[in-house]
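Q: First the structure, which I've put down as structure tokens, then a few questions once you've had a look.
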Amino acid sequence: MGRKGWSKVAIGILIAVGSQLLIILRPSKSLLYNRLLRLGVMLPSGWEVTTAIILAIVSFPVTLVLTRFFMQVNAKKGIVGIDVHKLSKPRIPEMCGAAIPVTLILLSSAYVLIAGGNSITMLAFSLVVGSAAIVGAVDDRLKMRGIYKPLLTLLCGAPIVVLGLLYPNQVYNPTLQVPIFGSFHLPVIYPLSIPVAISVTSNTTNMLDPLNGTMAGGISIISAALLIGVLITDPAPSTVFLYACLLFSALGFFYFNRYPSKAFAGNVGQLSVGAALGALAILGRTEIASIVAMFPQIQNSFFFLSKIKRFTEHRALTAKPTKLLDDGRLASSSDPKAPLTLVRTLIVGRPAKESDVVSTIFALFLISGALALITMILTG
Amino acid sequence: MKRLNRRAVGLQLIVFVTQWGLMIIGFGILALLVAPLRIPADPGLGRYFDAAVKAMIALALSISWLFIWDRQVRLYFYRKREGTSEPV
């Protein structure tokens, strides 16, 4: 066995031992918690929140290993995409983002078994993420028409609606909390808007991954901001766990997806991550803050749709929003029919290197993340 | 060395903060004015009619919000003409 093989075994042992320790330590948790709190290791929010974060950190090495696995398998099977924004046009393994939904579902199950997390919340979350991943995988392999993705992802929100009807007030709360102005009850509109919310978040995340690492890096920033917001305001352990899990799994994938990419997420990764964010907004009651955090995605999708006026795939566009210059820089398209995407907006009149555009997009995510955090504090 | 497009970030900051403020005002209108409305209707379907009317008001508000967003971005980034690759 090579060095890489041994490192995988070591990570596996670490996870197994960590899980066993959590099971063993559960009965004496208050004593341990007090000691760790005194040492400054434990979060003041409580044992459950600390356990949730510790367990969620495991998603980072798990995603690393799984992404590596998908990179090797997909490259062998010829599931590759061309990095069109590079002069050398390298062929990169596609659909490696499958590592994120697999990790999220695995860790959610582990959280219920090990730390006694809310099983209904975790089931709803896993079903949404899993179904969105299936839609994405089918699209990756069959290249569906643009209209099918939004329609099929509408169905991905159904598990939350159904479980919410079966277990009232355990899955979602139809009272929307508004910053500054209090809250209002939406008994009819709220459940009906859940499938729309999942479809919008998954497809808008799918649309903002044109450059290396934009989706994974952006989602990492968003989930970090929302995690901090949840910890400051209302640290429900399940919500903290899921946001931390999304953050660390996105970071794990980002390690390989960052500029210059060695792995592409594919629709399977993009749709499932977007659906995870939408599901978390509903399950964690961070609806408005999530909208704010997703401002870059909303702007990108809205300007794309307002110009093209139909649901379509980027590959089907006749007028591309950007062009690659001979020196390797990206420039805005001069075609008036080209959509006004976020990348095009950022480089209009100022051609830039791909890595510079990616950094600019991350700066926008930092702004929207900070606004989301303020929104959560104002919501209380 | 990665270089940030500071001009674009600055303009986008203005756009995001404006839209954030407008969004909070919009939710304030919904919470304070629209949600407490009681629309008289048939008792059987009244609940759904009430919800539908409020949803329409919310939809109109969100369309107005997106329209302002659209104008703002076009003004800051594409003032000369949409098909240009020249800066404003």
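The values are calculated or read from the model by the stated rules, or taken from the named source; none is laboratory data. Being a predicted model, the structure only gives us computed values, none of them experimental. In this analysis, Cβ positions are derived from the backbone assuming ideal geometry, glycine residues included, and neighbour counts consider all displayed protein chains.
Q: Any residue in the range B:27-41 that is within 26 Å of A:Ser306 (Cβ to Cβ), within 7 Å of chain A (Cβ to nearest Cβ) and either exposed (fewer than 13 other Cβ atoms within 10 Å of the Cβ) or in contact with a helix residue (DSSP H, G or I) (Cβ under 9 Å, 6 or more places away or on another chain) (or both)?
A: yes
Q: Any residue that is in a loop (DSSP other than H, G, I, E, B), under 24 Å from the mean Cα position of the chain (by Cα) and under 18 Å from A:Ser131 (Cβ atoms) - is there at least one of those in the range A:174-181?
A: no
Q: Can you work out which of the residues in the range A:119-134 that are farther than 19 Å from A:Tyr190 by Cβ and of a type in the set (Gly, Ala, Ser) is surrounded by the fewest Cβ atoms within 10 Å (Cβ to Cβ)?
A: A:Ser119
Yes/no per residue for (1) in contact with a strand residue (DSSP E or B) (Cβ under 8 Å, 6 or more places away or on another chain); (2) at pLDDT below 95; (3) more than 18 Å from A:Leu277 (Cβ to Cβ); (4) hydrophobic (A, V, I, L, M, F, W, C):
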site: A:Pro187; (1), (2), (3), (4): no, yes, yes, no
site: A:Ala236; (1), (2), (3), (4): no, yes, no, yes
site: A:Phe248; (1), (2), (3), (4): no, no, no, yes
site: A:Phe253; (1), (2), (3), (4): no, no, no, yes
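Q: Among the residues of the range B:50-61, how many are more than 10 Å from every other protein chain (Cβ to nearest Cβ) and either of a type in the set (Phe, Trp, Tyr) or closer than 14 Å to B:Gly26 by Cα (or both)?
A: Number of matching residues: 5.
Q: Does any residue of the range A:177-196 turn out to be away from chain B (no Cβ under 14 Å) and surrounded by fewer than 23 Cβ atoms within 10 Å (Cβ to Cβ)?
A: Yes, some residue in the range A:177-196 is away from chain B (no Cβ under 14 Å) and surrounded by fewer than 23 Cβ atoms within 10 Å (Cβ to Cβ).
Q: Still on this structure, I have one more. For the range A:135-151, which residues satisfy the criterion of being of a type outside the set (Lys, Arg) and either out of contact with any Ser or Thr (no Cβ under 8 Å at 6 or more places or on another chain) or surrounded by fewer than 20 Cβ atoms within 10 Å (Cβ to Cβ) (or both)? Lay out the reasoning, then the answer.
A: Start the filter on the range A:135-151 by keeping residues that are of a type outside the set (Lys, Arg), which leaves A:135-140, A:142, A:144, A:146-148, A:150-151.
Hits for the range A:135-151 are A:Ala137, A:Val138, A:Asp139, A:Asp140, A:Leu142, A:Met144, A:Gly146, A:Ile147, A:Tyr148, A:Pro150, A:Leu151.
Q: OK, next. Could you tell me which residue of the range A:209-220 is surrounded by the most Cβ atoms within 10 Å (Cβ to Cβ), considering only residues that are of a type in the set (A, V, I, L, M) and under 12 Å from the mean Cα position of the chain (by Cα)? Don't jump to the end; show me each part of the working.
A: First, the residues of the range A:209-220 that are of a type in the set (A, V, I, L, M): A:211, A:215-216, A:219.
Filter once more, keeping what is under 12 Å from the mean Cα position of the chain (by Cα): A:215-216, A:219.
Numbers: A:Met215: 29, A:Ala216: 29, A:Ile219: 32.
Out of the qualifying residues, it is A:Ile219.
Q: Being among the basic types (Lys, Arg), at pLDDT 90 or above and surrounded by fewer than 24 Cβ atoms within 10 Å (Cβ to Cβ) is true for just one of A:Arg285, A:Arg310. Which residue is that?
A: Criteria check complete, one pass: A:Arg285.
Q: When you check A:Val161 against the structure, is it closer than 24 Å to A:Gln297 by Cβ and part of a helix (DSSP H, G or I), yes or no? It would help to see each step written out before you state the result.
A: Details: closer than 24 Å to A:Gln297 by Cβ: yes; part of a helix (DSSP H, G or I): yes.
Here the answer is yes, as A:Val161 does meet what is asked.
Q: OK, next. Might you check whether a residue that is among the acidic types (Asp, Glu) and under 30 Å from A:Met71 (Cα atoms) occurs anywhere in the range A:227-243?
A: Here is the first cut: in the range A:227-243, the ones among the acidic types (Asp, Glu) are A:234.
Within this subset, residues satisfying the condition of being under 30 Å from A:Met71 (Cα atoms) are none.
No; the residues of the range A:227-243 include none that is among the acidic types (Asp, Glu) and under 30 Å from A:Met71 (Cα atoms).
Q: Tell me, yes or no, whether the range A:274-288 has at least one residue that is more than 25 Å from A:Lys89 (Cα to Cα) and within 11 Å of chain B (Cβ to nearest Cβ). Working first, answer last.
A: Of all residues in the range A:274-288, those more than 25 Å from A:Lys89 (Cα to Cα) come to A:274-288.
After this cut, where a residue has to be within 11 Å of chain B (Cβ to nearest Cβ) as well, the list is A:287-288.
There is at least one residue in the range A:274-288 that is more than 25 Å from A:Lys89 (Cα to Cα) and within 11 Å of chain B (Cβ to nearest Cβ).
Q: What is the residue count in the range A:368-380 for residues that are at the interface with another protein chain (Cβ under 7 Å from one of its Cβ atoms) and over 11 Å from A:Pro296 (Cα atoms)? Don't jump to the end; show me each part of the working.
A: First, the residues of the range A:368-380 that are at the interface with another protein chain (Cβ under 7 Å from one of its Cβ atoms): A:368, A:371.
Those still in the list that are over 11 Å from A:Pro296 (Cα atoms) too: A:371.
Qualifying residue count for the region: 1.
Q: Consider the range B:2-16. How many of its residues are facing chain A (nearest Cβ under 7 Å) and of a type in the set (Val, Ile, Thr)? Steps first, answer last, please.
A: To start, the set of residues in the range B:2-16 that are facing chain A (nearest Cβ under 7 Å) comprises B:2-5, B:8-9, B:12-13, B:16.
Right, trim to of a type in the set (Val, Ile, Thr) and you get B:9.
Residues meeting the conditions: 1.
Q: Quick check: is even one residue across the range A:346-367 more than 18 Å from A:Arg258 (Cβ to Cβ), free of Cβ contacts under 8 Å to residues at least 12 places away in the same chain, at the interface with another protein chain (Cβ under 9 Å from one of its Cβ atoms) and out of contact with any Phe, Trp or Tyr (no Cβ under 7 Å at 6 or more places or on another chain)?
A: yes
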